[in-house]
Each structure stands twice: as C-alpha cells, then as structure tokens.
1. Name the residue from Ser322, Thr203, Ser300 whose Cα lies farthest towards the positive end of the charge dipole of the chain, charges +1 on Cβ of Lys and Arg and -1 on Cβ of Asp and Glu.
2. Based on alpha-carbon positions alone, could you give the equivalent ellipsoid semi-axes of the chain from the gyration tensor, as √(5λ), descending, whole Å?
3. Filter the GluC sites (Glu not before Pro) in region 243-304 to those in DSSP coil with at most 16 other Cβ atoms within 10 Å of their Cβ, and list the result.
4. When only alpha-carbon atoms are used, what values of Rg and Dmax, in angstrom, describe region 1-159?
5. Given the pairs Lys81/Lys113; Lys113/Lys158; Lys113/Lys184, which are separated by over 21 angstrom at their Cα positions?
6. Give the relative contact order (percent, whole number) for the chain; include only Cα pairs under 8 Å separated by 6+ residues.
7. Ignoring ligands, DNA and RNA, please state the percent of accessible area on region 186-288 from carbon and sulfur, probe 1.4 Å.
8. How big is D for region 235-282, in µm² s⁻¹ as a whole number, if Stokes-Einstein is applied with the Kirkwood radius of its Cα pairs at 37 °C and 0.692 mPa s?
Amino acid sequence: FLLSQMIHNPNVNYDLQNKGIRFIMDTLGNQLINWDEIQTEDIIIIPAFGTTLEVLDLLKKKGVATKKYDTTCPFVTRVWKRADQLGKQNYTIIIHGKHNHEETRATYSYSKKNAPSLIIKDMNEAIMLSDFILGNRPVSEFEEAFKGKYSTNFDPKKDLECIGVINQTTMLASETLAISNYLKVVMKKKYGVEDLKKHMANTRDTLCYATNENQDSTYRLLDVDADLAIVVGGYNSSNTSHLVELCEKKLPTYFISNASEVLNESEILHFDFENKKILQTKNFLPKKEVVDILLTSGASCPDTIVENVLNKLLRFYPTSKSTEEVLETL
C-alpha cells in the first residue's frame with residue numbers, strides 16, 4: 001500500500017497502481033481503504049510528502065514497520081526539523097502553504113507538537129496577518145479570518161510576538177521569501193531593529209533547492225523570446241501549477257500531463273488550473289517556419305515524459321534536427 005499518491009504525477013501513480021500498489025487515502029486525506037483492512041504484515045509506503053504524526057501513531061499501534069518504507073523527501077524532513085528547532089526556541093510557526101495539501105498537513109502536524117502554528121496561503125493572507133500583529137484589526141476576527149488553519153489554543157495576542165516562516169516545499173520560493181521579508185518589515189515596525197532577531201527567525205535554509213532550481217530555470221527561460229510555453233506535469237502538482245502561473249504572465253501557456261494531449265499540430269488538450277477544467281485549443285502552434293517553444297516541467301515530472309512531448313512536437317517540423325543530432329554538436 002501507499003498512504004497516498006507517491007508524487008503528484010498521474011503517469012507515475014498509474015504505473016504504481018498497475019504494479020499492484022493500492023492507495024489508502026487520496027491527496028486530500030479522504031479514506032479510500034478502511035484502516036481495518038490494514039494488518040501488521042502489510043507493507044505501507046510513506047510517500048514523498050510525508051504523513052502526519054497521527055497516521056504514524058495509528059500505524060505504530062498496528063505494528064506496521066514504517067521506517068523501512070519511508071520515502072519522505074529529505075527537504076520536507078528538513079523543514080520539519082527546522083520547525084522543531086523554532087518551537088523549542090519559543091517561536092510561533094507560520095507555514096506558507098495550501099492547508100489541504102498533504103505535505104502541509106504533515107508539516108502542520110509536526111510543527112503544532114512543539115509550537116503554536118498557523119497556515120497562510122499567500123501574500124494576501126500575510127497582509128491580513130500583519131493587521132493582527134500590528135493591532136490594526138480586532139483579535140475577535142482572527143478565528144473567522146484563519147478558520148481551520150491554526151493550532152488548538154492559538155492566542156493571537158501572545159503567539160504572534162515571535163514568529164518563523166517555513167513553507168510547503170512546492171510553493172513558489174520567491175513568494176515564500178516575499179512573505180518572510182514582508183513579515184520581517186512588519187515585526188521591525190512593531191518591535192524595532194534591535195529586537196528584530198528575537199521576534200523574527202531566519203528560515204531561508206528551509207527552501208527546497210529542487211523546486212527552487214526549477215523555478216529559477218523558468219525565470220531564465222522567460223528572458224528568451226518565445227511564441228508559446230508548454231508546461232508538463234500532474235494537474236494536482238502544486239509546483240507545476242506555479243510554473244504555469246509564471247509562464248502565463250508572458251506567453252500563451254498550455255499545461256499538459258503527457259504527450260498524448262498534444263493531439264496534432266493544430267490541436268492541444270490542456271488544463272485550466274484556475275477553473276479546474278480541460279480545454280481544447282485549435283491552432284496553438286503559430287503558422288511560421290521557425291517556432292520558438294518554451295518547454296518546461298514540474299519537479300515531479302519524469303524526464304521521459306518531457307522527452308516524449310519534445311519528440312512529438314519535433315515530428316510536426318520535418319526539417320528540424322533530431323535531439324541526437326543536436327546533442328552531438330554540444
């Protein structure tokens with residue numbers, strides 16, 4: 001069994017299921033297989049996102065050996081360790097993430113063990129939080145503003161005096177930094193420069209380099225003139241959707257999960273992640289001799305899937321060089 005999807009890529013998960021692996025929960029934590037079915041001798045694989053302490057405790061009581069089959073990403077566990085350190089130093093943990101994402105649920109489970117914890121989704125919620133920190137908004141409104149996103153007995157009056165920002169590793173690193181820097185300015189405004197370190201922890205070392213490199217590479221690609229962008233990855237992949245957001249600001253962008261969605265040189269099926277629906281677009285490739293396509297993918301997308309997309313696009317241009325020819329010139 002896998003606790004949930006191994007990673008947010010449908011091709012990888014479909015392949016695992018074809019090999020006989022069953023998922024116990026979906027990505028939102030809804031039960032697909034009853035815990036009563038799970039026995040001591042079963043093999044339970046913990047996915048890359050990790051899992052909550054509550055689930056680990058349940059498996060421990062069943063006598064299931066989880067350590068042997070734990071594939072939690074080391075960058076995720078690094079965030080958990082940093083949260084543990086911050087909690088022991090009396091900082092409140094601010095988690096930049098999507099509260100229903102399985103990685104964020106796991107991180108929140110670890111952080112709230114030692115510290116008051118709060119999940120914020122974006123800069124808008126960071127600005128909302130600053131109103132409570134600075135006393136510009138009554139504490140009585142805190143519960144409604146962050147309903148379901150803070151730990152038990154969270155007290156905005158005292159628990160927002162000392163904070164540290166960590167993140168769901170698949171969020172935009174630039175957005176996490178922007179939120180952290182913004183809250184740093186807020187804390188400086190309230191407590192002054194001299195006491196800033198006491199009230200705001202430095203947590204830059206928790207950012208995931210794999211996700212960050214993907215995002216930085218996309219920024220560099222966007223400096224090159226192109227006709228369109230194709231982003232490959234799972235539709236429920238958080239880091240892939242962020243790449244789509246970056247590309248959409250500059251180019252017509254098509255979010256696909258594999259090469260089969262490039263139907264032909266005229267039509268493409270692609271995902272509108274804002275409205276959560278599949279679109280079919282005609283004439284997505286410009287009618288010109290040389291077409292410049294920005295091709296990128298999420299961190300969880302296997303290279304072979306990206307290569308399949310590349311090769312399919314090349315077939316539409318008979319005079320183009322093969323990847324082998326190009327590689328020989330490098």
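The values are calculated or read from the model by the stated rules, or taken from the named source; none is laboratory data. Remember, predicted model here, so these are calculated numbers, not experimental data. Virtual Cβ from ideal backbone geometry, glycine too; neighbours counted across all protein chains shown. Side chains included, ligands, DNA and RNA excluded: accessible areas come from the protein's heavy atoms. Shrake-Rupley method; radii C 1.70, N 1.55, O 1.52, S 1.80 Å.
1. The one lying farthest along the dipole's positive direction is Thr203.
2. 38, 27, 17
3. On the way: sites: Glu245, Glu248, Glu261, Glu265, Glu267, Glu274, Glu289; in loops: Glu265, Glu274, Glu289.
Within region 243-304, the qualifying GluC sites (Glu not before Pro) (loop, at most 16 other Cβ atoms within 10 Å) are Glu265, Glu274, Glu289.
4. 17.7, 56
5. Details: Lys81/Lys113 12 Å; Lys113/Lys158 18 Å; Lys113/Lys184 24 Å.
The pairs that break the limit, which is 21 Å between Cα atoms, are Lys113/Lys184.
6. Numbers: 524 pairs, mean separation 44.4, N = 330.
Normalised by residue count, the contact order of the chain is 13 percent.
7. Details: 2580 of 5460 Å².
Of all accessible area on region 186-288, carbon and sulfur atoms account for 47 percent.
8. Values: Rh = 11.2 Å.
Result for D is 294 µm²/s.
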